[in-house]
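Okay, structure first, notes after.
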Amino acid sequence: MLKILLFLFLTMHTYANIGNIMALKGSAEIHKKSNDILTAKSGMTIDKGDTIVTQRKTRVQVILKDDTVITIGSHSSFSFDTYFFDGSKKSTLSMRMNRGFFRSVTGKIGKMAPERFKVKTSSATIGIRGTDFSVRLQNSIERFKCYSGGIRITFGNTYKDISAGEIFELNINTLKRWSAQTNPTTADLSDLKELDVAEREIVYPRPEPVIPDGVPCQLK
């Protein structure tokens, strides 16, 4: 009986384990579904249902079992809601950005079953087409960047497709006033100017006040 219980425990743990923290700079916590809070460390496993919460000047890089890479920036909260990977088109990945910044480089699930790869933000759902993209939520603005491939941002009763080299901004406060005929503008990445700051923040020219963005693609 003891061996059976041990086997069941190990099986459940293996099923829940979806990836590992591969790099960590700064301080972060892992909030478990059981309400336990663990101090994040490099090499720790990530389970389905975990939420990573980061502090100031922190970056965490997670690699999932299908080789999807998620980089989470400072003052961020990012959840791994659903994960199933068996190497088939039935594989599923659903994640959620609660606040802050993340960048995703899709792995096998994004290539094999892109329609089953989703990331939710406070106001939109992101679908992908084999891609590298990032999202930052700051104040009432959600900024979406696509570095390669393409993403579809669904919000309200409409959606916006953006391709590599494009940026799209969504104002949460005015979202309810948008209609299906809305055609939000994009900004080309060639207009970006890189600033020499600790977070490698990036801004681009716009008529209203600039909202900085980070690109934590490499941890040092």
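The numbers here are math on the coordinates, done by the rules we state, and not lab data. From a predicted model like this one, the values you see are computed outputs, not experimental measurements. Cβ atoms come from the backbone with ideal geometry, glycine included; neighbour counts cover every protein chain shown.
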**Request:** Work out how much length Thr154 to Glu29 would gain on full extension: take 0.36 nm times their residue separation and subtract the Cα-Cα distance, in nm to one decimal.
**Result:** 42.0 nm
**Label-reachable residues, region 95-116, where backbone N falls under 20 Å from a point 7 Å from Leu38's Cα toward its Cβ** = 95-96
**Prompt:** Within region 128-148, whose backbone N sits under 12 Å from a point 7 Å along Cα→Cβ of Asn171?
**Reply:** 140-142
**Item:** Distant-in-sequence amide H partners of Ile46 (H built 1.01 Å from N, under 5 Å)
**Value:** Ile18, Gly19, Asn20, Ile21
**Message:** Loop-only trypsin sites (Lys or Arg not before Pro) in region 58-122, please: DSSP not H, G, I, E or B, and at most 15 other Cβ atoms within 10 Å.
**Reply:** Lys89, Lys90
**Item:** Potential extension, Met22-Asn139 segment - 0.36 nm per residue separation minus Cα distance
**Value:** 39.2 nm
**Message:** Test of understanding: what is the full-extension gain from Asn98 to Ala164, defined as 0.36 nm times their sequence separation minus their Cα-Cα distance?
**Reply:** 21.3 nm
**Message:** Can you tally the net charge around Ile109? Count Lys and Arg as +1, Asp and Glu as -1, for every other residue whose Cβ sits under 12 Å from the Cβ of Ile109.
**Reply:** +3
